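What follows is a short report on a single structure.
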Amino acid sequence: ISDQKPLGCWSVKHGQILTCPVVCNFETHEYIAVHDNKVLRIWKNEDLNLDKAFKATLSADVYRIHSLPHGGPVVLFKGGAVRTLDVLLEAPQQEIENVISAEVIRWSGAFMEGQEPVLIFTTKKGGDFFVYVQKPKLSSLHKYKLEQQESAKPLCFTAHITNQTVTLLCLYSNSSVYQVLIPLQQDTEEEEEVLSKSLLLNLSVSGDVLKGTSLVVLDKDHIAVLGSLPAPGKQPRECLTIWNTKFQTLQTSKELPLGTSGQLWCYEEKFFLIHGKVLTVIMYKCETSSLAAAVGKLKDSQTPDVSSFVNWNTLEDEELMVSFQSQESVALKVQSRMNLRSSRSTGAEETLPVGQLLLKLKDAPTYVLETELRKLMAKAPTPDLQATIGCVVTALIDRCKRSPKYYPQNFLQEIVETRDLSYSLCPDLMAIALEKKDMHLLQICLERFPDIPEEITYACLKAFLSMSEDHLQTIDINLDSAICYVDVEFNDKEVKTEILENGFGAEMDQDMCDTKIPKASQIDESCPVGLQKAALLNAVLHSAYTETFLLPHLKNLPAGQAILFLRYLYYLYVKCSEKVNTTLPGIRSPTINQIMDWMCLLLDAQFTVMVMLPEAKELLSNLHKFVRAQVRFYSELNKIEGSLRELQRLNHLRESQTYSIEVLEII
């Protein structure tokens with residue numbers, strides 16, 4: 001989340017629909033999904049194609065899968081039946097009974113009680129609500145009916161288990177939270193036992209009624225409610241509130257001006273919610289519930305920003321970011337990532353001086369701006385220094401946007417080269433570098449940033465390929481990754497290295513093709529691009545990417561640039577094949593795996609176009625022949641692998657002092 005970088009993406013086929021949330025099996029580190037209600041898919045992080053993942057078609061529709069850290073996945077069917085995943089996979093087509101009749105599941109949750117998983121779900125039938133408690137491993141099922149209330153209806157549920165008792169919390173439409181206690185140890189099974197509820201909390205903030213949409217349990221004395229407060233003549237104000245249920249007080253609250261989706265999640269002392277267009281993570285720490293603390297927080301409820309219960313930095317910085325963008329200033333944009341990148345949470349008072357300084361420098365002269373920013377970066381390292389440097393870069397970029405003639409090229413390059421930055425800390429840096437055609441800065445960013453979006457990587461590739469060789473020769477570019485192997489012109493003559501025949505042999509492949517494979521010495525050995533452009537393209541090859549997200553962009557690459565890029569990749573592939581260890585010389589030179597991955601990716605994206613272009617025919621033909629010869633060569637090596645291993649074993653057994661000549665016949 002801190003790097004704002006997608007790490008994986010899997011898609012079902014066209015026409016298929018994921019019908020319940022995907023979960024992770026904590027024991028096997030596998031993902032579990034259900035599409036089209038009945039089709040179960042299980043795969044691991046390294047699997048690329050979901051269609052090739054494990055598949056099992058079940059006999060009944062699945063409502064939801066719950067994954068427990070020490071209890072394994074539990075599957076809840078729409079008919080109310082529950083199975084553990086292990087039992088289900090033993091016989092996927094086993095008959096699944098219907099537990100509920102004409103009822104619709106409204107909510108479900110899974111918990112661990114000792115060593116046993118417990119699944120709780122609520123259903124609705126007409127105006128009645130029912131609660132089911134199941135222990136799948138013990139085949140235990142209890143059904144209850146929720147006490148009716150004419151004036152209000154349940155909107156959402158949550159629960160927790162303490163001391164063999166289920167505490168079910170219900171948020172009702174009258175802005176109240178009710179509590180229902182259900183004992184897990186039942187001697188007898190009563191038919192539809194009616195559960196009585198008790199009022200736990202009235203959601204009132206400064207006299208206004210909070211219309212809740214989602215609630216979560218933080219601990220036995222605290223809950224969080226996401227909802228909206230009325231605003232006369234305006235849209236309702238959405239806010240996140242935290243309540244002490246023991247003393248029925250508001251612990252703290254925070255307005256969410258960018259809007260939410262109405263959903264709130266909680267995991268490992270962190271809130272997850274959609275705020276505006278981003279997923280926001282807010283850290284919190286539950287304090288020991290006491291009357292003094294509850295009263296104290298109640299007094300502070302008018303100014304909740306000072307609360308120590310929750311670190312609101314993330315939300316405050318997002319609001320500042322949106323506010324500053326409207327003023328054409330994004331000086332504090334990256335501070336919203338501070339909490340996630342820090343080893344510990346920090347208070348708003350620590351980051352405020354940085355923001356104030358940047359605002360003061362907004363209209364300062366260029367010399368004053370750069371001097372003060374250098375002083376800011378020279379401060380002693382702190383947990384948030386990295387984010388502070390990101391703010392400095394953002395302030396410089398903001399000045400560039402407001403003053404088109406201003407571009408501190410050397411200052412920006414110095415910061416990127418000497419500081420451990422990432423794309424998410426200064427997301428506009430590469431965009432402004434592309435606009436200014438600062439190829440050297442783009443090269444540095446590609447080599448150093450681990451989280452560059454695929455769209456920006458593609459934009460850099462396109463810019464590098466379109467830049468003329470004459471112009472690139474006038475630019476200062478780091479050539480260390482290419483200078484040791486790229487053939488350069490010297491005194492109007494090409495200096496060419498000798499190419500060893502690793503895998504080449506026309507006579508070896510005559511039976512496979514009528515046209516003989518050219519020997520290595522007959523192949524054009526010169527690099528199709530200049531030294532500067534080769535170094536820039538190498539930086540692209542080193543950048544991290546996700547194939548699924550990069551492929552659509554590569555399809556838009558102009559045909560001429562695609563062919564030039566493929567010719568360069570082919571040149572690198574041939575160069576790698578000269579060496580026994582398939583490693584190119586130089587610093588940060590492309591690896592054989594990077595070359596092959598990009599070559600396959602480019603062919604996948606542009607294959608139809610290249611097949612249709614006459615100028616690509618010879619290139620594709622040579623590439624095909626070269627790869628086929630390589631495959632044939634390694635296939636022959638595999639045939640004698642056993643003999644070579646035996647020879648190696650004999651060498652270990654032979655006495656090193658004796659001299660001998662041996663002839664080994666390989667059959």
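For ARG374 and GLU618 in the same chain, what is the full-extension length gain: residue separation times 0.36 nm, less their Cα-Cα distance, in nm?
Full extension of this stretch gives 82.4 nm more.
Compare the peptides 76-82, 252-258, 480-486 by average per-residue count of other Cβ atoms within 10 angstrom and give them in order, highest first.
Highest-to-lowest ranking by the protection proxy: 76-82, 480-486, 252-258.
If r is the Cβ-Cβ distance from ILE483 to ASP36 and R0 is 51 Å, what FRET efficiency results, to the nearest 0.05?
Efficiency, from the Cβ-Cβ distance: 0.40.
Sorted by mean Cβ packing within 10 Å, highest first, what order do the peptides 93-106, 237-250 take?
237-250, 93-106
Jot down the radius of gyration and Dmax of segment 142-284, Cα atoms only, both in angstrom.
16.3, 56
Suppose R0 equals 56 Å; then what is the FRET efficiency for LYS285 and ALA559 from their Cβ-Cβ distance, rounded to the nearest 0.05?
Values: r = 57 Å, r/R0 = 1.02.
Efficiency computed from Cβ-Cβ geometry: 0.45.
Cα gyration tensor of segment 399-451, axes a ≥ b ≥ c as square roots of the eigenvalues: rounded (a/c below 1.5), prolate (a/b > b/c) or oblate?
Details: a/c = 1.70, a/b = 1.60, b/c = 1.06.
It comes out prolate by the Cα gyration axes.
Pull up all non-local amide H partners of LEU200: gap of 5 or more, or a different chain, and H-to-H distance under 5 Å with H placed in the peptide plane.
Here the answer is VAL177, TYR178, GLN179, since their amide H atoms fall under 5 Å of that of LEU200.
Could you do me a favour and compute the accessible area per residue for segment 1-65, 1.4 Å probe, result in Å²? It would help to have the intermediate numbers written out before the result.
Details: 3820 Å² over 65 residues.
With the other protein chains kept in place, segment 1-65 gives 59 Å² per residue.
For LEU195 and VAL278, calculate 0.36 nm times their separation in residues minus their Cα-Cα distance, and state this gained length in nm to one decimal.
Going from the current span to full extension adds 25.9 nm.
Report, by chain and number, residues whose modeled amide H sits under 5 Å from the one on LEU256, excluding near sequence neighbours (fewer than 5 apart, same chain).
Result for LEU256 returns GLU238, CYS239, LEU240.
Which FRET efficiency value, to the nearest 0.05, do you get for SER635 and THR28 by plugging their Cβ-Cβ distance into 1/(1 + (r/R0)^6) with R0 = 51 Å?
FRET efficiency, SER635 to THR28: 0.90.
Counting just the Cα atoms, what span does segment 536-627 cover along each of its three principal axes? Round to the nearest Å and put the largest first.
Projected onto its principal axes, the Cα set of segment 536-627 covers 35, 30, 20 Å.
Hey, rough spin-label estimate for GLN248 and GLN263, points 7 angstrom out along Cα→Cβ, what's it come to in nanometres?
Using points 7 Å along Cα→Cβ, the separation is 3.3 nm.
The values are calculated or read from the model by the stated rules, or taken from the named source; none is laboratory data. Just so we're clear, the structure is a prediction, and the values are computed from it rather than from any experiment. Neighbour counts run over all protein chains shown; Cβ positions are idealised from the backbone, glycine included. To get the accessible areas, we keep the full protein, side chains included, count just its heavy atoms, and leave off ligands, DNA and RNA. Shrake-Rupley method; radii C 1.70, N 1.55, O 1.52, S 1.80 Å.
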